[in-house]
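*Asks:* First the structure, then my questions, so here it is.
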Amino acid sequence: MSKRIVIISGGELNEEFVLSVLAEEKQYVIGVDRGMEFLYAHQILPNYIVGDFDSVKKEIGDYYRNETNVPIREFNPVKDASDTEIAIRLAMTLGGKEILILGATGGRIDHLWANVQSLAIPFKAGIDAVIMDSQNKIRLIGGGETHLKKGETYGPYFSVFPLGEEVFGFNIKGAKYPLTNHTLTPYDSLCVSNKFLEDDVTISFMNGIVILMETKDR
């Protein structure tokens, strides 16, 4: 099995973008609840299905249950984790070394925030996990140095936010808005929409977890 697992969740799915990702070979695809409808509409058979089927058309659920051999992990809608979190944990169990989550943005903001927080589960296990759509790439970074190269990031802008507690001794070098020994707090917008000043941006801090978003306009 490929070490890269793509999760197709039930949020906004830009057709051209998602199909371009799924066109890559040697990756394992998990369809999550309403994300199954996208896969069904484009005749893409996932390797696994996860969900409570509460937001999927009955005929699509019946198709996967009765006319395919796709393994299905079905849950009661009353459960202790989101469908996307369950899919992330499944991807880890299947041995995924890289997890790409599509359809985790758009629509309800509570779902988006739950998905961002769920990135901490693979992150703490040393597994690369990224939420992506046609404008955004969201991942978590830990203590040490993270380098961003101009022209190689997902877009011209990047933003950082602490995941949970304050992050002390936070530094950004090479950006339009640099920081030195800053305390990154979860209740201000200082670190939104930064840009490159030099070809290489370095983000560094000692301890904590930071959400890094690379973004671009439509």
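The values are calculated or read from the model by the stated rules, or taken from the named source; none is laboratory data. Bear in mind the structure is a predicted one, so any value in this text is a computation, not a measurement. Cβ coordinates were reconstructed from backbone atoms using ideal geometry, including for glycine residues, and neighbour counts include every protein chain displayed. These accessible areas exclude ligands, DNA and RNA; they are computed on the full protein's heavy atoms, side chains included. Shrake-Rupley method; radii C 1.70, N 1.55, O 1.52, S 1.80 Å.
*Asks:* Quick one: is residue 32 modelled with pLDDT of 95 or more and among the aliphatic types (A, V, I, L, M)? Quick ask: steps written out before the conclusion?
*Replies:* On the way: modelled with pLDDT of 95 or more: no; among the aliphatic types (A, V, I, L, M): yes.
Here the answer is no, as residue 32 does not meet what is asked.
*Asks:* Tell me, please, whether a residue that is modelled with pLDDT of 95 or more and part of a strand (DSSP E or B) can be found in segment 186-193.
*Replies:* No - not one qualifying residue is present in segment 186-193.
*Asks:* Which of (1) touching an Asp or Glu at 6+ places or on another chain (Cβ under 6 Å); (2) of a type outside the set (A, V, I, L, M, F, W, C); (3) surrounded by 19 or more Cβ atoms within 10 Å (Cβ to Cβ) does residue 174 not meet, given it meets every other one?
*Replies:* Result: residue 174 passes all but (3).
*Asks:* Still on this model: Which numbered condition in (1) more than 20 Å from the chain's Cα centre (by Cα); (2) surrounded by 15 or more Cβ atoms within 10 Å (Cβ to Cβ); (3) of a type outside the set (A, V, I, L, M, F, W, C) is the only one that residue 35 fails?
*Replies:* Every condition holds for residue 35 apart from (1).
*Asks:* What's the total number of residues in segment 38-61 that are surrounded by fewer than 18 Cβ atoms within 10 Å (Cβ to Cβ) and in a loop (DSSP other than H, G, I, E, B)? Don't jump to the end; show me each part of the working.
*Replies:* In the first step, residues of segment 38-61 are kept if they are surrounded by fewer than 18 Cβ atoms within 10 Å (Cβ to Cβ); the result is 41-45, 47, 52, 54-55, 57-60.
Then drop every residue that is not in a loop (DSSP other than H, G, I, E, B), which leaves 42-45, 47, 52, 54-55, 57.
Residues in segment 38-61 being surrounded by fewer than 18 Cβ atoms within 10 Å (Cβ to Cβ) and in a loop (DSSP other than H, G, I, E, B): 9 in total.
*Asks:* Follow-up question, since we're still on this one. Give the residues of segment 98-125 that are open to solvent by 20 Å² or more (accessible area, probe 1.4 Å), of a type outside the set (Asp, Glu) and either out of contact with any Asp or Glu (no Cβ under 7 Å at 6 or more places or on another chain) or not in a loop (DSSP other than H, G, I, E, B) (or both), sorted by residue number. Before the answer, list the steps.
*Replies:* First, pick out the residues of segment 98-125 that are open to solvent by 20 Å² or more (accessible area, probe 1.4 Å): 98, 106-114, 117, 121, 123-125.
Those still in the list that are of a type outside the set (Asp, Glu) too: 106-109, 111-114, 117, 121, 123-125.
Those that are open to solvent by 20 Å² or more (accessible area, probe 1.4 Å), of a type outside the set (Asp, Glu) and either out of contact with any Asp or Glu (no Cβ under 7 Å at 6 or more places or on another chain) or not in a loop (DSSP other than H, G, I, E, B) (or both): 108, 109, 111, 112, 113, 114, 117, 121, 123, 124, 125.
*Asks:* Now for a different question. Taking the conditions exactly as written (modelled with pLDDT under 95, on the phi < 0 side of the Ramachandran plot and in contact with a strand residue (DSSP E or B) (Cβ under 9 Å, 6 or more places away or on another chain)), does residue 163 satisfy them or not? If you could, list the steps in order and put the result at the bottom.
*Replies:* Numbers: modelled with pLDDT under 95: yes; on the phi < 0 side of the Ramachandran plot: yes; in contact with a strand residue (DSSP E or B) (Cβ under 9 Å, 6 or more places away or on another chain): yes.
So residue 163 fits the description; yes.
*Asks:* Exactly one condition in (1) open to solvent by less than 70 Å² (accessible area, probe 1.4 Å); (2) over 18 Å from the mean Cα position of the chain (by Cα); (3) at positive phi is not met by residue 71; state its number.
*Replies:* The single condition residue 71 does not satisfy is (3).
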